[in-house]
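A.B. asks: The structure that follows is given in the form of structure tokens.
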Amino acid sequence: MHFSIPDTQEFGPDNSGSSFTGFNIHINGSFHCCLRYKQLHSLHEQLKRSLPTLALPSFPPKKLLPLTPSQIEQRRISLERYIQLVGQDPVLCRSELLRAFLLNAQQESSFTECREVSLDVFLMNGYRIVTKAFTTDCSSKVLEKACSLIDLPKEYTYYFSLYLVRNEPNGEVAIAKKLMDFEAPHISQKQWDDCKIVIRTSYWDANYDLELMRDRIALNLLYIQALSDVERGWILTSRDLSDQLTDLQARGNKREYLEIVRKLPLYGCLQFPRVCVDYPQPNTMATVIIGNRELNLLTHYGKKIQETKFKVTRIRCWRVTTIHNNEELSSNSSSESRGEPGGNLELSFEYLMAKNQLKWITIYSEQSMLMSVCLQSIVDELLNQKNGSDINNVQTHQADFAPLSYIRRDGSNYYITDSSSTDTLSSISDSNSTSNQQSNGSGKHPQQPSNGTSSSSSSSSSSSSFIRRKLKEFNTTVRFKSGKDSVHNEAFEWIGDDDL
């Protein structure tokens, strides 16, 4: 997870009559929640108890007297560094306790009441799945409910994920972000109010398709996504091949359509809008495509397009920075863009051009954070495969969840007994706060996608008990190396002379 605390805000009296400072926490480039010092301190103490064998980062010390503005700024910097170190730890960032804390913090900061609503979840062809869900349900719970409405077998649910997708002014479709399990889709969509919630595959290796193609509904979802990507130009085809695919589509031959499309170079990739890059020369306009274990740049020279491929296993490290007031500032510093998602971001990666020759390449894009998340998830998939993970034996269920005591900003306490929603809170304070009600929100929707045509509109008590959730969510762990604010690519260490 990419954490930052770019600024603070002051709040009026709490239940004890004292004013306090709230620290605005951004995750993966956008605002997530506003927390006070005592809330983060409570999280720290509970993480220590739930993970006794793990050495946690030191927490900034308490102060007895009210803080001056300069002391508040110093606390902001210290808390930012602390939460960044938490996000860098591969065990902590997968902790169900941390995930539940962040989910509830988002709910509190957005002033969202837990209630059942109809949430529109779309397929890539515009097919709408009207899903009954709670406003505070996490992404995996909403995904489960949406998939059950189209009769997708449970064992295939986590081959897919939820994304926020928006239509650009030029008519193109852009993926804004992947919805993670520490956030509620209903709340996150409000922050990105021009986006739809869309189901897409959550993996990069096309070999996983083979398992999905055994099931009729899963195959149909793959077909709809592939058809959409071809129509949008995300998958490039020749004129003859395009005619062949059109004929297969007209005859409803989905399996053969997929078999052909799966062999095309850009299949299963995410495509980003054209941006400025500094390779092969400064101020070059290029389309960024990530997938197939590569980051590709499609450079436009008039009517000609030049493709440059950068293998993920030859990227030594990368970093995301924010450009603010003509200064480059680290995305892990206090300069992160405030409020709205996006900002003047850039992604830089150090690439092994030849033996003993490393070169930094920079992409200037407001979607730099999503690109970073994609790179990390590809690395994680490569490492899992290297460790012998079998797609048929991937565990996707949640670990046992130890109840979390959540302190609200007003000082009241609640026990969280379900890590996937905030609808199971039990009050343990003497305040006037009331507990929310629990409901399963289950139900079946009579419709399901039948063809490719458009319709209407992880808590672990120790590292040994950690459950791999390779297909459930992107792992966005950030690891710093040599004291620099860069993500170190563990897959880079595989490279030998033969790879060059």
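A.B. asks: What's the FRET efficiency of N344 with F111 using the Cβ-Cβ distance as r and R₀ = 41 Å, to the nearest 0.05?
C.D. replies: Working from the Cβ atoms, E equals 0.90.
A.B. asks: In addition: Towards the positive end of the charge dipole of the range 1-130, with charges on Cβ (+1 Lys, Arg; -1 Asp, Glu), say which of P52, L98, P66 has the farthest Cα.
C.D. replies: Value: P52.
A.B. asks: Okay, moving on. Spin-label point model (7 Å from Cα, Cβ direction): what's the L67 to Q281 distance in nm?
C.D. replies: The answer from the label model is 5.0 nm.
A.B. asks: May I ask you to compute the full-extension gain from T21 to R293, defined as 0.36 nm times their residue separation minus their alpha-carbon distance, rounded to one decimal in nm?
C.D. replies: Result: 93.5 nm gained on full extension.
A.B. asks: Could you give the dipole magnitude of the range 1-100 about its Cα centre, charging the beta-carbon of Lys and Arg +1 and that of Asp and Glu -1, in debye to the nearest 20?
C.D. replies: That gives a dipole near 260 debye.
A.B. asks: While we're looking at this one, here's another question. Which order do the peptides 106-113, 5-12, 217-224 come out in when sorted by mean C-beta neighbours inside 10 angstrom, highest first?
C.D. replies: Going from most to least packed, we get 217-224, 106-113, 5-12.
A.B. asks: How would the range 52-138 be classified by its alpha-carbon gyration tensor: rounded, prolate or oblate, with rounded meaning a/c under 1.5 and the a/b versus b/c comparison settling the rest?
C.D. replies: Prolate, because a/c is 1.5 or more and a/b exceeds b/c.
A.B. asks: What are the radius of gyration and Dmax of the range 22-71, computed over its Cα atoms and given in Å?
C.D. replies: Computed over the Cα atoms of the range 22-71, radius of gyration and Dmax are 13.3, 37 Å.
A.B. asks: What are the ³J(HN,Hα) couplings of the range 45-62, residue after residue, when phi is run through the Karplus curve with 6.51, -1.76, 1.60 and θ = phi - 60°? Round to Hz, x for glycine and proline.
C.D. replies: 5, 6, 5, 4, 6, 7, 10, x, 8, 9, 7, 7, x, 5, 8, x, x, 6
A.B. asks: Now a separate question. Any idea what log10 I(q)/I(0) is at q = 0.15, 0.31 Å⁻¹ for the range 224-265, Debye with uniform C-alpha scatterers and no solvent?
C.D. replies: -0.28, -1.34
A.B. asks: Between D240 and K48, what is the label-point separation in nm under the 7 Å Cα-to-beta-carbon projection?
C.D. replies: 7.0
A.B. asks: With θ set to phi - 60°, apply the Karplus curve 6.51 cos²θ - 1.76 cosθ + 1.60 along the range 259-273 and write out the HN-Hα couplings as whole Hz, x wherever there is a Gly or Pro.
C.D. replies: 4, 6, 5, 4, 8, 7, x, 9, 5, x, 9, 9, 10, 10, x
A.B. asks: Right, next: Tell me, what ³J(HN,Hα) does each residue in the range 211-226 have, in order and in whole Hz, if you take phi through Karplus 6.51 cos²θ - 1.76 cosθ + 1.60 with θ = phi - 60° and put x for Gly and Pro?
C.D. replies: Once rounded to whole Hz, the list reads 5, 5, 6, 6, 10, 5, 5, 4, 4, 5, 5, 4, 5, 4, 5, 5.
A.B. asks: Still on this model: What Kirkwood radius, in Å to one decimal, follows from the Cα pairs of the range 163-237?
C.D. replies: The answer is 14.0 Å.
A.B. asks: Which residues' amide hydrogens lie under 5 Å from the amide hydrogen of I129, considering only partners 5 or more residues apart or on another chain, with H built in the peptide plane?
C.D. replies: For I129, whose amide H was placed from the backbone, the distant partners under 5 Å are V121, F122, L123.
A.B. asks: Classify the range 1-160 from the C-alpha gyration tensor, please: rounded if a/c falls under 1.5, else prolate or oblate depending on whether a/b exceeds b/c.
C.D. replies: Judged from the Cα gyration tensor, the range 1-160 comes out prolate (a/c at least 1.5, a/b above b/c).
Any read-out appearing in this document is the output of simple, stated calculations on the displayed coordinates, not a laboratory observation. It should be emphasised that the depicted structure is a prediction, and the values quoted were computed from it without experimental measurement. Methodologically, a virtual Cβ is constructed for each residue, glycine included, from the backbone with ideal geometry; neighbour enumeration extends over all protein chains shown.
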